Amino acid sequence: MTLYSIQNYISDIRLITKEETIEKNIIDRIKPLSKKLVKNKSWIKSEYFDVDTKQGFGLHLLHEEIDHSLAVFVIAWAPDKGLAPHNHKTWAVVSGIQGQEHETNYKRIDDGSKEGYADLIKTHEETLYPGDASCCLPEDIHSVWNNGNETALSLHTYGMHLNHTGRSIFDISQKTETPCIVKVQG
């Protein structure tokens, strides 16, 4: 039996995005494939566990199209580290490989008309474990936090490379919205 590989996954997501234009349909079709890929851990390299100490996580780019679309990353999250509330400005599918990631979802309650201002309320929380998957649409806002004792590893698939979407990070207590750019390793 042939194992489902990164190359199979990339071929499949290319096909899905050619066949589908509705983002919800895209993530619904990619989610089971993402879960299938993380079951086979033979493609995972030791460097995928490297974490940028300043960020508290490490983004490892596995694939990106020339136009920055269809970006696939492995992200390593250091224990007790994560990323404050943020959006993606593109669809996303995340599947847990190792450890655990606590996701908190938010709803924006202001109308977005005041630049640099955002008022968010918490709507849902859950912890993702290996084999679990979650999805985001472009305007969804969530935070991710490794609430475990080991480095958490997850597969992230996006419609566009994160640093090319114009996404934002939010400070709930200050009610601010600022650009979110992350450092990508290798």
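Residue 139 sits among other residues whose Cβ lies under 12 Å from its own Cβ, and their net charge, with Lys and Arg +1 and Asp and Glu -1, is +2. The trypsin sites (Lys or Arg not before Pro) of the stretch 67-131 that meet both conditions, a loop assignment by DSSP and at most 14 other Cβ atoms within 10 Å of the site Cβ, are 114. The residues packed around residue 98, meaning those with a beta-carbon under 9 Å from its beta-carbon, carry a net charge of 0 if Lys and Arg are +1 and Asp and Glu are -1. Label separation (residue 8 vs residue 147): 3.3 nm, computed from points 7 Å beyond Cα along the C-beta direction.
Neighbour counts of C-beta atoms inside 10 Å place 157, 90 in the sequence 90, 157, starting with the fewest.
Taking the chain as the reference, fit the longest principal axis to its C-alpha atoms, fit the long axis of helix 23-39 to the helix C-alpha atoms, and give the angle between the two in degrees, 0 to 90, nearest 10. Helix 23-39 sits at roughly 50 degrees to that axis.
Take every Cα pair under 8 Å whose residues are at least 6 apart in sequence, average their separation, divide by the length of the chain, and the relative contact order is 27 percent.
Ranking 141, 88, 40 by how far each Cα lies toward the positive end of the dipole of the stretch 6-185 (charges on Cβ) leaves 40 at the top.
For the chain, which span is the longest to avoid every loop-located (per DSSP) member of GluC sites (Glu not before Pro) having at most 15 other Cβ atoms inside 10 Å? Here the longest segment lacking exposed loop sites spans 66-114.
Summing Lys and Arg as +1 and Asp and Glu as -1 over all other residues whose Cβ lies under 9 Å from the Cβ of residue 71 gives a net charge of -2. Quick check: the distance between the Cα centres of the stretch 161-179 and the stretch 28-51, to the nearest angstrom? That distance is 26 Å. Label-to-label distance for residue 24 and residue 109 is 2.5 nm, based on points extended 7 Å past Cα in the beta-carbon direction. Of all lysines in the structure, those lying under 17 Å Cα to Cα from residue 89, and not within fewer than 8 positions of it along the same chain, are 24, 107. Helical content alone sets the calculated 222 nm signal of the chain at -5500 deg cm²/dmol, taking -39,500 (n - 2.57) per DSSP H segment of four or more residues and averaging over every residue.
The calculated FRET efficiency for the pair residue 129 and residue 174, based on their C-beta separation and a Förster distance of 35 Å, comes to about 0.65.
Modelled spin-label separation between residue 119 and residue 80, with each label point placed 7 Å from Cα along the Cα-to-Cβ direction: 3.4 nm.
For the pair residue 139 and residue 163, a Förster radius of 25 Å applied to the C-beta separation gives a FRET efficiency near 0.85, rounded to the nearest 0.05.
Every number in this text was worked out from the coordinates using simple rules, so none of it is lab data. Computed from a predicted structure; not experimentally measured. No Cβ is skipped: glycine too gets one built from the backbone with ideal geometry, and neighbour counts run over all protein chains shown.
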